[in-house]
1. Do any residues in segment 15-43 that are on the phi < 0 side of the Ramachandran plot and β-branched (Val, Ile, Thr) have Cβ atoms under 8 Å from those of residues that are part of a loop (DSSP other than H, G, I, E, B) and at pLDDT 90 or above, where the two are at least six apart or on different chains, and which pairs are they?
2. Is it true that ASP48 is at pLDDT below 95 and more than 21 Å from ILE153 (Cα to Cα)?
3. If you go through segment 135-158, how many residues are more than 12 Å from LEU97 (Cα to Cα) and in contact (Cβ under 8 Å) with a residue 12 or more places away in the chain?
4. Could you run through segment 2-44 and say how many residues are part of a helix (DSSP H, G or I), at pLDDT 90 or above and crowded, with 16+ Cβ neighbours inside 10 Å?
5. Looking only at segment 79-135, how many residues end up being modelled with pLDDT under 95, part of a helix (DSSP H, G or I), polar (S, T, N, Q) and out of contact with any strand residue (DSSP E or B) (no Cβ under 9 Å at 6 or more places or on another chain)?
6. Select, from SER145, SER112, the only residue that is more than 25 Å from SER39 (Cα to Cα) and under 14 Å from the mean Cα position of the chain (by Cα).
7. Can you tell me which of (1) of a type in the set (S, T, N, Q); (2) more than 17 Å from GLU35 (Cα to Cα); (3) more than 13 Å from the chain's Cα centre (by Cα); (4) in a helix (DSSP H, G or I) is the one SER72 doesn't meet?
Amino acid sequence: MRTSTPLDEILWKQYRSQPPRPIPANLHAPRNYVELAASIDFDADREDIWQGSRSAAWSSFLHAFFYFKSPSFFDERPPEVLLLEEQALWAGVAEGLCNKLDLRVPTWAQESRYFLVEPWDSSVLYSILDSSIRQRLAESDPEFSRRNVVARIRDFLVA
């Protein structure tokens, strides 16, 4: 599983070069993890965490984050309504995006609750590949693999 491409690096560099923008009060997108979770229909998305409302909510959140480039999008912790595995994923996303864009990483992201005991694959697609979860974990970005989460930060890159 390749975690970066030359085109990814061009996009990361472009985003790093843009100054943060003020976030308007009337933003029609989730501006933190609490608002992101509130915009998800958990019952509808029970079978696959990347279907339906989650995909739309994440898209809206990430587009707003990359436009405004503010670490305040990660001031709130992932809500406890989420499975522990998903909370660990969201912590990895916060850490990974902040690292890539040279923003402050939220201190809550380093709390032990966001580090899983057993490996977890966040993607249904990748979980059916002909490789072991340990192999996929080894190929994950460090912000995720340290948490025992199979994921790549490039999957959260908005182009």
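The values are calculated or read from the model by the stated rules, or taken from the named source; none is laboratory data. These numbers were taken from a predicted model, which means no experiment stands behind them. All Cβ positions, glycine included, derive from the backbone under ideal geometry; neighbour counts span all protein chains shown.
1. ILE23/ARG31; ILE23/SER70; VAL34/GLU76; VAL34/PRO79
2. For ASP48, the condition - at pLDDT below 95 and more than 21 Å from ILE153 (Cα to Cα) - is not met.
3. Counting residues in segment 135-158 that are more than 12 Å from LEU97 (Cα to Cα) and in contact (Cβ under 8 Å) with a residue 12 or more places away in the chain gives 10.
4. Total meeting the criteria: 7.
5. Going through segment 79-135 one residue at a time, the tally reaches 1.
6. Details: SER112 fails: under 14 Å from the mean Cα position of the chain (by Cα).
The match here is SER145.
7. Evaluating SER72 over (1) of a type in the set (S, T, N, Q); (2) more than 17 Å from GLU35 (Cα to Cα); (3) more than 13 Å from the chain's Cα centre (by Cα); (4) in a helix (DSSP H, G or I) leaves (2) as the failure.
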